[in-house]
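Single-structure report; data block below.
The values are calculated or read from the model by the stated rules, or taken from the named source; none is laboratory data. It should be emphasised that the depicted structure is a prediction, and the values quoted were computed from it without experimental measurement. With ideal geometry, Cβ positions are generated from the backbone for all residues, glycine too; neighbour counts draw on all protein chains shown. For accessibility, only protein heavy atoms count, side chains too; no ligands or nucleic acids. Shrake-Rupley method; radii C 1.70, N 1.55, O 1.52, S 1.80 Å.
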Amino acid sequence: MRARNIFVGAAFALLAAGMGHSALAEDIKIGEINSYSLLPSFTEPYRKGWQLAVEEINAAGGINGKKLVVISKDDGGKPADAQTAANELVSSEGVAMLTGTFLSNIGLAVSDFANQKKVFFLAAEPLTDAVTWSKGNKYTFRLRPSNYMQAAMLVEAASKLPAKRWATIAPNYEYGQSAVAVFKKLMSEKRPDIQWVDEQWPPQGKIDAGPVVQAVAQANPEAILNVTFGPDLVKLVREGNTRGLFKGREVVSFLTGEPEYLDPLKDETPEGWIVTGYPWYSIKTPEHDAFLKAYQAKYNDYPRLGSIVGYQTIKAAAAILAKAGSTDTDKMIAAAEGISMPSPFGEITFRKIDHQSTLGAFVGKTAQKDGKGVMVDASYKKGSDYLPSDAEVEKLRPKD
C-alpha cells in the first residue's frame with residue numbers, strides 16, 4: 001500500500017509539473033533592457049512605469065487571454081553588454097520581442113542585433129535620428145520623439161530670438177552629436193544670419209564644467225544650445241551660474257524640463273531657458289489624469305518622464321502583440337506598422353514609413369517655484385506635426 005501511495009503521489013507530482021509547464025508556456029514574455037545602474041534618475045521611474053503597465057494589462061485579461069511577463073536586464077551603459085543581454089533574452093528566455101534602452105549608442109547596438117537575428121525591437125528612449133532613418137531596419141520601432149522632432153519643436157521658439165551668435169554644449173557621443181547636428185541644420189534653415197561661434201563636447205557623464213564654461217564665455221555667444229543632462233547638467237548649471245555664463249544670454253536646452261533633470265537643480269534652476277520636458281503638474285487631460293491617478297496610487301510619488309516612457313513602451317508592445325494575435329516576428333511587424341493607440345499624451349501612431357511613433361513633447365520655459373525648478377508656459381507639440389514627409393524619409397532611410 002505504501003509503495004502504491006508513493007507511485008500515485010509521484011504521478012500527481014509529474015502531472016502538476018506538466019500543468020505548470022503548460023501554464024508557463026501560455027505566458028507571453030517580453031525582454032527589456034536598460035541602463036538601470038548608470039542612470040537611475042530616469043530608469044527607476046521608467047521601471048515603475050512599465051511595471052504599472054504590466055499590472056494593468058494583466059488585470060484586464062492579459063494579451064488575448066495570455067499573461068504578460070517582462071524579463072528585465074541591466075546593460076550597465078555598455079553597448080556590448082546590451083547585445084549580450086539581448087542574446088540571452090532571445091536564446092535562453094525565449095522572449096517574443098525586445099524593448100527598452102536609453103543611450104543612443106546602446107539603442108543602435110540592440111537595433112543592429114535585432115536586424116541580424118530578425119527579432120522585433122521596440123526602442124523606448126534612444127533619441128538619435130539614426131534609429132529610424134540612416135540605420136533604420138524593418139525590425140526596429142521607436143516610441144519617443146527623436147532628436148529631429150524635438151529640435152524642430154525647439155527651433156520654432158528659438159528662431160524668434162534676436163540672438164545671432166550661438167554656441168553649443170553637448171555630450172560627445174551619438175545622442176549629443178545627433179542633437180547638435182539637426183538643431184544647427186533646422187535653425188540655420190530658418191535663420192541664415194546665425195553664426196555658430198563655439199562647440200564644446202564634454203564626455204558623457206564626465207563633464208569638467210569649469211573649462212567648458214570658460215571656453216563658451218570666451219567665444220562670447222548671444223545664445224547657447226545645451227544638450228547635457230543628468231549629473232552633467234547640474235555641474236554645468238552650477239558652474240555657469242557661478243561664472244555668470246547665462247546672464248544676458250538665451251539658452252535653449254533639450255530635455256531640461258523633465259522632472260528627473262530639473263528636480264536636482266532646486267534653487268539653482270536657471271530661469272527662462274527654452275526646454276522640452278514634462279510638466280506633469282499642469283497637464284489637464286482625461287488621459288493624463290487617469291495615468292497620474294494610477295501612478296500616484298501605486299507608488300505614492302509623482303511621475304517623471306521616464307515613468308511615461310516605461311508605461312507607454314509596454315502598453316505599445318501589448319497593443320502590437322494583441323493586434324498581431326501571434327508572437328511571430330513578421331506578423332508583429334505587420335501589426336505595428338501604422339498601428340494607433342491611446343497614451344497619457346493622447347492618441348499616437350507608429351508610422352509605416354519609418355517606424356517612428358507620433359508621441360509628442362512639451363515645450364516651455366524653466367522657472368523657480370518655492371525653491372524648486374519647474375516648467376512654465378508649456379504646450380504640447382504633437383509628434384506628427386514635426387516629422388518630415390514620406391518622400392524625405394525615403395531619402396534618409398535605407399531600403400529593407
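Against the conditions (1) within 18 Å of residue 51 (Cα to Cα); (2) surrounded by fewer than 18 Cβ atoms within 10 Å (Cβ to Cβ); (3) in contact (Cβ under 8 Å) with a residue 24 or more places away in the chain, where does residue 380 fall short? Just the number, please.
Going through (1) within 18 Å of residue 51 (Cα to Cα); (2) surrounded by fewer than 18 Cβ atoms within 10 Å (Cβ to Cβ); (3) in contact (Cβ under 8 Å) with a residue 24 or more places away in the chain one by one, residue 380 breaks only (1).
Quick check on region 333-377: of everything there that is of a type in the set (A, V, I, L, M, F, W, C) and without any contact (Cβ under 8 Å) to a residue 24 or more places away in the chain, which residue is nearest to residue 258 (Cα to Cα)?
339
Being farther than 24 Å from residue 308 by Cβ, of a type outside the set (Asp, Glu), at pLDDT 95 or above and open to solvent by 60 Å² or more (accessible area, probe 1.4 Å) is true for just one of 5, 87. Which residue is that?
Matching residue, one of 5, 87: 87.
Please go through region 107-156 and give me each residue that is of a type in the set (Asp, Glu) and touching a Ser or Thr at 6+ places or on another chain (Cβ under 8 Å), ordered by number.
Listed by number, the residues that qualify are 125, 129.
Just need a number here: residues in region 110-128 that are open to solvent by 20 Å² or more (accessible area, probe 1.4 Å) and either of a type in the set (Asp, Glu) or within 20 Å of residue 306 (Cα to Cα) (or both).
Qualifying residue count, region 110-128: 1.
Only one of these is within 14 Å of the chain's Cα centre (by Cα) and either modelled with pLDDT of 95 or more or open to solvent by 30 Å² or more (accessible area, probe 1.4 Å) (or both): 107, 94. Name it.
107
How many of the residues in region 361-377 are closer than 17 Å to residue 150 by Cβ and open to solvent by less than 30 Å² (accessible area, probe 1.4 Å)?
Here the count works out to 6.
How do the pairs read when you match residues in region 308-324 that are more than 14 Å from residue 348 (Cα to Cα) and touching a residue at least 12 places away in the same chain (Cβ under 8 Å) with residues anywhere that are part of a helix (DSSP H, G or I) and polar (S, T, N, Q), using Cβ under 8 Å and keeping only pairs 6 or more apart or on different chains?
Listed by first residue and then by second, the contacts come to 310/51.
Can you pull out the residues in region 131-169 that are of a type in the set (Gly, Ala, Ser) and farther than 21 Å from residue 188 by Cα?
134, 136
Enumerate the pairs (first residue in region 255-269 and more than 19 Å from residue 363 (Cβ to Cβ); second residue anywhere and charged (D, E, K, R) and part of a helix (DSSP H, G or I)) with beta-carbon separation below 9 Å, excluding pairs fewer than 6 apart on the same chain, so at least 6 apart or on different chains.
Note: pairs meeting the criteria are 268/238.
Go over the candidates 192, 202, 171, 221 one by one and state the one that is in contact with a Phe, Trp or Tyr (Cβ under 8 Å, 6 or more places away or on another chain) and over 15 Å from residue 246 (Cα atoms).
Residue meeting the stated conditions: 171.
Looking at (1) part of a helix (DSSP H, G or I); (2) in contact with a strand residue (DSSP E or B) (Cβ under 7 Å, 6 or more places away or on another chain), which is the one condition that is false for residue 167?
It is condition (1) that residue 167 fails.
Could you grab me the full set of residues in region 169-195 that are open to solvent by 10 Å² or more (accessible area, probe 1.4 Å) and closer than 21 Å to residue 237 by Cα?
172, 173, 177
Residue-wise test of (1) farther than 19 Å from residue 154 by Cβ; (2) open to solvent by 10 Å² or more (accessible area, probe 1.4 Å); (3) among the charged types (D, E, K, R).
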{"position": "239", "(1), (2), (3)": "yes, yes, yes"}
{"position": "245", "(1), (2), (3)": "yes, no, no"}
{"position": "252", "(1), (2), (3)": "no, no, no"}
{"position": "257", "(1), (2), (3)": "no, no, no"}
{"position": "262", "(1), (2), (3)": "no, no, no"}
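For residue 99, state whether it is under 21 Å from the mean Cα position of the chain (by Cα), of a type in the set (Val, Ile, Thr) and within 14 Å of residue 33 (Cβ to Cβ).
Yes; evaluated as a whole, the condition is true for this residue.
Looking at region 268-312, which of its residues are surrounded by fewer than 17 Cβ atoms within 10 Å (Cβ to Cβ) and of a type in the set (Phe, Trp, Tyr)?
Result: 281, 299, 302.
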